[in-house]
Amino acid sequence: MPSVRSLSLCVSLTLLLLSVALMGSCQPAGVPATGPAVSEAEQAANDLAQDVSLLHTLNRLDLQPAQLDPLLAVAQQAVDARAKAEPARQAALAQLVPLLREKRGLLLKDQDVPEELDKHLHTAQAKVEEADEQVASATLAVVPELRKVLTEDQVAIITGADEARAQAEDLLGWIRQLSAGTYAEEGKANAEQLADPAVNLTAADILKVFDETRKLSATDYAAKKGQYIAKLAPLYSPTVDAANQALADLLASSRLPSLLRERGAK
């Protein structure tokens, strides 16, 4: 039976820094604190990988020519918003780095780390996390503008709401093909398991949809299934916050404006 779509979460730099601050460096003696500079080829590979991922999404959206310029404007607005928030983040990192360097030096000599230093590290880390949230919030603030440019179907593709409809359709297809005996055992149990007060769907509501669709002929179901799918899709749809975050993730890529320009946006 279809499962609720899960959203991947990225591990932030701040969490990595926190683990280093709390546990110390795991690098062997003699290894420099920072790795070699990223080569031109490696940077190119990273950029191209981002482009490929973004282009998969853009191609699925089937953007119309009239959408390109407004979408570029929104993408640039997100870039500018992050740029305004970035100095505070860099300032917070600048306070954190010397403290991390001091702790690393002590651990390298196998010396105890003063409690006061760890307190300063926690305070500095909190400032970095706050700055990270401000940068993320700057992108989220542009999401309403992105929704104005995209169609409802395009938003559904980015947020996963289209997958929710597919999952609801799969569920109804499975329910319809059950034998009478199996449905007697599975129908109510599944309706109870799926019931979600957060989207105003009780077990009785879901069971009613099951019962009604099972009574329809193949022809009638084909004609009416859209309305039944719409009733159950909220069970699988992302929350408003998750949907907004998915849209913000699209805007968060610094590669988006350049790709849109290559597509013809001005």
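The values are calculated or read from the model by the stated rules, or taken from the named source; none is laboratory data. As the structure is a computational prediction, the values presented were derived from the model and not from experiment. In this analysis, Cβ positions are derived from the backbone assuming ideal geometry, glycine residues included, and neighbour counts consider all displayed protein chains.
Going through the stretch 188-221 one residue at a time, which ones are of a type in the set (A, V, I, L, M, F, W, C) and surrounded by 15 or more Cβ atoms within 10 Å (Cβ to Cβ)?
First, the residues of the stretch 188-221 that are of a type in the set (A, V, I, L, M, F, W, C): 189, 191, 194-195, 198-199, 201, 203-204, 206-207, 209-210, 216, 218.
Selection gives ALA191, LEU194, ALA195, LEU201, ALA203, ILE206, LEU207, VAL209, PHE210, LEU216.
Given the conditions (1) outside the structural domain of THR151 (by TED's automatic domain parsing); (2) part of a loop (DSSP other than H, G, I, E, B), and given that ASP112 satisfies all but one, which numbered condition is not satisfied?
(1) is the only condition that ASP112 fails.
For ALA85, are the conditions met, namely being at pLDDT below 95, small (Gly, Ala, Ser) and farther than 30 Å from LYS188 by Cβ?
Working: at pLDDT below 95: yes; small (Gly, Ala, Ser): yes; farther than 30 Å from LYS188 by Cβ: yes.
In short, yes.
Right, GLU102: part of a helix (DSSP H, G or I), in contact with a Leu (Cβ under 7 Å, 6 or more places away or on another chain) and surrounded by fewer than 16 Cβ atoms within 10 Å (Cβ to Cβ) or not? Walk me through how you get there before you give the answer.
Details: part of a helix (DSSP H, G or I): yes; in contact with a Leu (Cβ under 7 Å, 6 or more places away or on another chain): yes; surrounded by fewer than 16 Cβ atoms within 10 Å (Cβ to Cβ): yes.
Spelling it out, GLU102 is indeed part of a helix (DSSP H, G or I), in contact with a Leu (Cβ under 7 Å, 6 or more places away or on another chain) and surrounded by fewer than 16 Cβ atoms within 10 Å (Cβ to Cβ).
Anything in the stretch 193-211 that is at pLDDT 95 or above, closer than 22 Å to SER237 by Cα and charged (D, E, K, R)? List them, or say none.
ASP205, LYS208
Search the stretch 151-180 for residues that are closer than 22 Å to THR213 by Cβ and in contact (Cβ under 8 Å) with a residue 12 or more places away in the chain and pair each with any residue that is hydrophobic (A, V, I, L, M, F, W, C) and buried (at least 17 other Cβ atoms within 10 Å of the Cβ) when their beta-carbon atoms are under 6 Å apart and the residues are at least 6 apart or on different chains.
That search, which allows pairs on different chains as well, returns ALA164/ALA233; ARG165/ILE229; ARG165/ALA233; ALA168/ILE229; ALA168/LEU232; ALA168/ALA233; GLU169/ILE229; ILE175/PHE210.
What is the residue count in the stretch 231-259 for residues that are farther than 15 Å from GLU152 by Cα and outside any helix (DSSP H, G or I)?
Count: 6.
Show the residue pairs meeting these rules: Cβ distance below 8 Å; 6+ apart or different chains; first residue within the stretch 240-260 and more than 14 Å from LEU54 (Cβ to Cβ) and among the aromatic types (Phe, Trp, Tyr); second residue outside any loop (DSSP other than H, G, I, E, B) and modelled with pLDDT of 95 or more.
Once the first residue is more than 14 Å from LEU54 (Cβ to Cβ) and among the aromatic types (Phe, Trp, Tyr) and sits in the stretch 240-260, no partner that is outside any loop (DSSP other than H, G, I, E, B) and modelled with pLDDT of 95 or more comes close enough.
With respect to the numbered conditions (1) outside the structural domain of LEU71 (by TED's automatic domain parsing); (2) in a helix (DSSP H, G or I); (3) modelled with pLDDT under 95; (4) within 28 Å of the chain's Cα centre (by Cα), which one is the sole condition not fulfilled by ASP153?
(1)
Please state which one of VAL155, VAL135, VAL128, VAL97 is more than 30 Å from ASN59 (Cα to Cα) and touching a Lys or Arg at 6+ places or on another chain (Cβ under 9 Å). Before the answer, list the steps.
Details: VAL155 fails: more than 30 Å from ASN59 (Cα to Cα); VAL135 fails: more than 30 Å from ASN59 (Cα to Cα); VAL97 fails: touching a Lys or Arg at 6+ places or on another chain (Cβ under 9 Å).
After applying the criteria, what remains is VAL128.
Considering each of LEU100, LEU106, LEU117 in turn, give the residue that is assigned by TED's automatic domain parsing to the domain that holds LEU150, over 25 Å from THR139 (Cα atoms), without any contact (Cβ under 8 Å) to a residue 12 or more places away in the chain and of a type in the set (A, V, I, L, M, F, W, C). Outline the logic, then answer.
Details: LEU100 fails: without any contact (Cβ under 8 Å) to a residue 12 or more places away in the chain; LEU117 fails: without any contact (Cβ under 8 Å) to a residue 12 or more places away in the chain.
None of the other options fit; the residue is LEU106.
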